[in-house]
1. Could you check, for the range 26-42, whether at least one of its residues is more than 23 Å from Ala248 (Cβ to Cβ), outside any loop (DSSP other than H, G, I, E, B), among the hydroxyl-bearing types (Ser, Thr, Tyr) and modelled with pLDDT of 95 or more?
2. Among the residues of the range 47-56 satisfying the criterion of being within 18 Å of the chain's Cα centre (by Cα) and either of a type in the set (Lys, Arg) or part of a strand (DSSP E or B) (or both), which is nearest to the ligand (Cβ to nearest atom)?
3. Looking only at the range 132-159, how many residues end up being in contact with a strand residue (DSSP E or B) (Cβ under 8 Å, 6 or more places away or on another chain) and of a type in the set (S, T, N, Q)?
4. Being crowded, with 19+ Cβ neighbours inside 10 Å, out of contact with any Pro (no Cβ under 9 Å at 6 or more places or on another chain) and among the aliphatic types (A, V, I, L, M) is true for just one of Ala16, Ala27, Ala57, Ala23. Which residue is that?
5. Of the conditions (1) out of contact with any Phe, Trp or Tyr (no Cβ under 8 Å at 6 or more places or on another chain); (2) more than 13 Å from Ala236 (Cα to Cα), Glu41 clears all except one; give me its number.
6. Which number in (1) surrounded by fewer than 21 Cβ atoms within 10 Å (Cβ to Cβ); (2) under 17 Å from Leu239 (Cβ atoms) marks the one condition that Gln160 misses?
7. Cβ-Cβ below 6 Å, separation at least six or inter-chain, first residue in the range 157-168 and closer than 13 Å to Leu182 by Cβ and hydroxyl-bearing (Ser, Thr, Tyr), second within 12 Å of the ligand (Cβ to nearest atom) and assigned to a strand (DSSP E or B): which pairs?
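The values are calculated or read from the model by the stated rules, or taken from the named source; none is laboratory data. It should be emphasised that the depicted structure is a prediction, and the values quoted were computed from it without experimental measurement. Here Cβ is always computed from backbone atoms with ideal geometry, including for glycine, and neighbour counts include all displayed protein chains.
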Amino acid sequence: MIPQADPKAGYLAHKAEIDAAVAKVLASGWYILGSEVKGFEEEFAKFVGVGHGIGVANGTDALEIALRALGVGPGDKVATVSHTAVATVAAIELVGAEPVLLDVDPERFTMDADELAEVLKREPIKAVIPVHLYGQPAAIDRVVQMCEASRVPVIEDCSQAHGAMLGNRQVGSFGRIACWSLYPTKNLGAFGDGGIVATDDAALAQRVREIREYGWRERYISATTGMNTRLDELHAAMLRVRLRHLPADNARRQAIARIYDSELRNIDKPKLSPGVTHVYHQYVLRHPLREKLRQRMKAMGVGTNVHYPMPVHLQPAYAGRVTLGPKGCKATERVANEVLSLPMFPELTDEQARKVVQAVHSCIQLLH
Ligand SMILES: Cc1ncc(COP(=O)(O)O)c(C=O)c1O
């Protein structure tokens, strides 16, 4: 069976370095917010091209804390997309704000910037969260330009796009603040939960730091109300190893994507925008008989996944009560019924990628 993702292969590829990093932390006697976290934060911020990184417990907390640090709270509206991990929307409600769920560009599957323009004209929006889905930057230049004109802060959700670029700038360096999940299967994944927030704004970074740990400015004294969402030293030490390999890992994902691209030319896929560097967190196809295709591929030994089968606004916890943008998420609903993610991880071999391609072709033929 060729798995869709394989985080264990990621460990085995760098086992000696990761084991050494773990041993060093265990022997150090310091396990929470120490030199490894500080080192990882600095190295990650430098990698993105911004001044400050703040390690947190997971990507959902990263978004929640970014919203809180920007002063978003009850009564505020925050625009994002419905075609995302539910966490993006959950974070908005965690701070007591109201999500406004926009449709996606039907060709790229990321935020419809025209709809955002409409919404910014119509109602007071306190923040906007574009999601760089599957590893491709959203229309972040347009989104930031519009939001700056309306004085609305942009929080980039980069959880699926570590290292992705538009022009020569990395995602996470366009908005006021940016958030990444470091979940094990992400392009930069921990061996458990983790997340990071980054920003160029020193005062905002300081607020995030305080909220991360009980609102402390000095130990045991809460200057503001906070939470506990610390990153631990073990994860930070392992993430520093993985960050060193991220450019090569992303290059390998791109090489696999080139095999898929050249062999699956006639199959419908999200379009690439000009000037983007896609880092292929997921390689996604589109097919009207997605479920059948998925089952047949499984029978042929090829694992696939669906990101995501049900848009957030149709999920039981949200259906009928979340606000949609003027377009009503029609493109989102179509996309959710048709997307299929192929195996994609740096350790996938060329031979395996070719087997995946053969399976796609023969399964699609059988469907006709
Ligand atoms: C786009 C997006 N946002 C947020 C998250 C939430 O991250 P976490 O699972 O680390 O809380 C994820 C992870 O699945 C994600 O893909």
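1. Quick first cut of the range 26-42, residues more than 23 Å from Ala248 (Cβ to Cβ) only: 26-35, 37-38.
Among the residues that remain, those that are also outside any loop (DSSP other than H, G, I, E, B) are: 26-28, 32, 35, 37-38.
Filter again for among the hydroxyl-bearing types (Ser, Thr, Tyr), leaving 28, 35.
This time we only want the ones that are modelled with pLDDT of 95 or more, so: 28, 35.
Looking for residues that are more than 23 Å from Ala248 (Cβ to Cβ), outside any loop (DSSP other than H, G, I, E, B), among the hydroxyl-bearing types (Ser, Thr, Tyr) and modelled with pLDDT of 95 or more, one finds at least one in the range 26-42, hence yes.
2. Val56
3. Qualifying residue count, the range 132-159: 2.
4. On the way: Ala16 fails: crowded, with 19+ Cβ neighbours inside 10 Å; Ala27 fails: crowded, with 19+ Cβ neighbours inside 10 Å; Ala23 fails: crowded, with 19+ Cβ neighbours inside 10 Å.
Just one listed residue meets the conditions, Ala57.
5. With (1) out of contact with any Phe, Trp or Tyr (no Cβ under 8 Å at 6 or more places or on another chain); (2) more than 13 Å from Ala236 (Cα to Cα) applied to Glu41, the lone miss is (2).
6. Looking at each condition in turn, Gln160 falls short on (1).
7. Final answer for the pair search is Ser159/Trp180; Ser159/Ser181.
Residue-by-condition table, conditions (1) surrounded by 15 or more Cβ atoms within 10 Å (Cβ to Cβ); (2) among the charged types (D, E, K, R); (3) in contact with a Gly (Cβ under 8 Å, 6 or more places away or on another chain):
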{"site": "Asn266", "(1), (2), (3)": "no, no, no"}
{"site": "His281", "(1), (2), (3)": "yes, no, yes"}
{"site": "Glu291", "(1), (2), (3)": "no, yes, no"}
{"site": "Asn305", "(1), (2), (3)": "yes, no, no"}
{"site": "Leu324", "(1), (2), (3)": "yes, no, no"}
{"site": "His361", "(1), (2), (3)": "no, no, no"}
